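Trainee: I'd like to ask some things about the structure below.
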Amino acid sequence: MTEISKEGPRVNSQNNARSKKRLRQNDNCTRRKEARKEEEEEKDHGFPRTLRAGNGYITAGCLQPTPATATEATFRANFARDGYLLIRGHLPRRQVKAARAKIVEDMTERGFVEKGSDDTKQGGQARISKPPEGCKEDAGDSPGLLQRQDLANSPTVRAVLEHPKLKDLLQILFGRIAAQRSKDSENDQANGVGQTAITPHPYKWLRSVPPGLNTGPHVDRVYFPNLQTIWIPLGDINTSLGSLVLVPGSHTSEAFSNFHATYGNSSVGKDGTQSGWCTDDVSQISTLFKIDENAMNWVTEDVRMGDVIVVDNRTLHMSATNVLDPPTWRISCDTRWFC
Ligand SMILES: O=C(O)CCC(=O)C(=O)O
């Protein structure tokens, strides 16, 4: 009796402990599964996506960021392999927000942004207050930021566009080449061995892109053979607002040899806005330049203030058309650098 009464509770407590353990294991397993699912979703987050690009549509995969904590060797290796580097949070977000606020304040004063729509802290965006009908990015009926070098060079904005961390990054990617060039050049010898000529181009391609517009497919080399580009989102820009889209590996891939020997080797204009696109019809690129369809892998990503994308000047890229509703300005800047 005693045995039973003693044994009974012991068996029960063992059973309880076992079932609690099982529950805990189940819980852990469910949590692990959920975490894995979240990770998967985070990895894919809606990619591939169908995006409008000018007159056509493309299917785009996901641009792969290189962690800001990666080694210099990894930065160089990824850039050499892919022809781009996306680095999240490379610039202080607070500073980029301040630059954006300065630009949006100017646009609001001039009646281009709906007052109060751009509270970035609340996830707001610069809503368009003037109809963007037929509005050209650089014309009189738009904020014409490309012509606003005064704004680009205002201390708050310039602090971002010429942030020392941008130069540091280019130093990692191009420093050795620049140092070699400097060593080779008699004129630059005075700078001393190891000094480099990495300097920002004084002109800033500050853009306010209205709905319906994008930048067509091109490589920067045809405009600027001696410059390299760092594209800086001056707002949180998702693919619907018109983020940068590019083809990884297109800078060196054998599949693009005809493209580089023809279009890529031309010198098409200096304004860097519209002229010089390799075509107006994205669906025609592979046919026009005899590029294997399998090599035409467009990728893009939602980017945030603080992120930067370095683009090799031979990499095929464009921006997605701004299709965000309600109508919103996409604000960004291409900075160019002598490297
Ligand atoms: O922001 C854009 O629309 C295009 C940027 C671009 O093509 C570049 O930076 O070279």
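Trainee: Identify the single condition in (1) in contact with a helix residue (DSSP H, G or I) (Cβ under 8 Å, 6 or more places away or on another chain); (2) part of a helix (DSSP H, G or I) that S283 does not satisfy, given that it satisfies every other one.
Mentor: (1)
Trainee: Among the residues of segment 197-208 satisfying the criterion of being touching a Phe, Trp or Tyr at 6+ places or on another chain (Cβ under 8 Å) and either of a type in the set (S, T, N, Q) or more than 13 Å from the ligand (Cβ to nearest atom) (or both), which is farthest from I58 (Cα to Cα)? Steps first, answer last, please.
Mentor: Here is the first cut: in segment 197-208, the ones touching a Phe, Trp or Tyr at 6+ places or on another chain (Cβ under 8 Å) are 197-201, 208.
Right, trim to either of a type in the set (S, T, N, Q) or more than 13 Å from the ligand (Cβ to nearest atom) (or both) and you get 197-200, 208.
Values: A197: 38, I198: 35, T199: 35, P200: 33, S208: 23 Å.
Result: A197.
Trainee: Is there a residue in segment 254-272 that is touching an Asp or Glu at 6+ places or on another chain (Cβ under 6 Å), within 16 Å of the ligand (Cβ to nearest atom) and outside any helix (DSSP H, G or I)?
Mentor: So far as segment 254-272 goes, no, none of its residues is touching an Asp or Glu at 6+ places or on another chain (Cβ under 6 Å), within 16 Å of the ligand (Cβ to nearest atom) and outside any helix (DSSP H, G or I).
Trainee: Restricting segment 322-339 to residues that are over 20 Å from Y84 (Cβ atoms) and assigned to a loop (DSSP other than H, G, I, E, B), which is nearest to the ligand (Cβ to nearest atom)?
Mentor: Start the filter on segment 322-339 by keeping residues that are over 20 Å from Y84 (Cβ atoms), which leaves 322-329, 331.
Keeping just the survivors that are assigned to a loop (DSSP other than H, G, I, E, B) gives 322-327, 329.
Details: N322: 9, V323: 14, L324: 14, D325: 19, P326: 20, P327: 17, W329: 12 Å.
Out of the qualifying residues, it is N322.
Trainee: Still on this structure: For the subset of segment 199-223 comprising residues that are in a strand (DSSP E or B) and touching a Leu at 6+ places or on another chain (Cβ under 9 Å), which member is nearest to G276 (Cα to Cα)? Talk me through it step by step, then tell me what you get.
Mentor: Taking segment 199-223 as the starting set, the residues that turn out to be in a strand (DSSP E or B) are 199-200, 205-209, 218.
From what's left, touching a Leu at 6+ places or on another chain (Cβ under 9 Å): 200, 205-209, 218.
Working: P200: 22, W205: 16, L206: 18, R207: 17, S208: 20, V209: 18, H218: 7 Å.
Ranking the candidates gives H218 first.
Trainee: Taking the conditions exactly as written (within 12 Å of the ligand (Cβ to nearest atom) and in a loop (DSSP other than H, G, I, E, B)), does G276 satisfy them or not?
Mentor: Judged against the criteria, G276 is a match.
Trainee: From the list K102, K121, exactly one residue is at pLDDT below 90 and on the phi < 0 side of the Ramachandran plot. Which is it?
Mentor: Of the residues listed, the single one that is at pLDDT below 90 and on the phi < 0 side of the Ramachandran plot is K121.
Trainee: Among the residues of segment 209-218, how many are more than 10 Å from the ligand (Cβ to nearest atom) and at pLDDT 95 or above?
Mentor: Qualifying residue count, segment 209-218: 0.
Trainee: Among the residues of segment 228-248, is any touching a strand residue (DSSP E or B) at 6+ places or on another chain (Cβ under 9 Å), modelled with pLDDT of 95 or more, away from the ligand (no atom under 13 Å from the Cβ) and assigned to a helix (DSSP H, G or I)?
Mentor: Checking segment 228-248: not a single residue is touching a strand residue (DSSP E or B) at 6+ places or on another chain (Cβ under 9 Å), modelled with pLDDT of 95 or more, away from the ligand (no atom under 13 Å from the Cβ) and assigned to a helix (DSSP H, G or I).
Trainee: Right, next: Of the conditions (1) out of contact with any Ser or Thr (no Cβ under 8 Å at 6 or more places or on another chain); (2) within 11 Å of the ligand (Cβ to nearest atom); (3) assigned to a loop (DSSP other than H, G, I, E, B), N313 satisfies every one except a single condition; which number is it?
Mentor: Single failed check for N313: (1).
Trainee: In segment 270-277, is there at least one residue being farther than 20 Å from T321 by Cα, polar (S, T, N, Q) and surrounded by fewer than 18 Cβ atoms within 10 Å (Cβ to Cβ)?
Mentor: no
The values are calculated or read from the model by the stated rules, or taken from the named source; none is laboratory data. Note that the structure is a prediction, hence the values are computed from the model and not measured. No Cβ is skipped: glycine too gets one built from the backbone with ideal geometry, and neighbour counts run over all protein chains shown.
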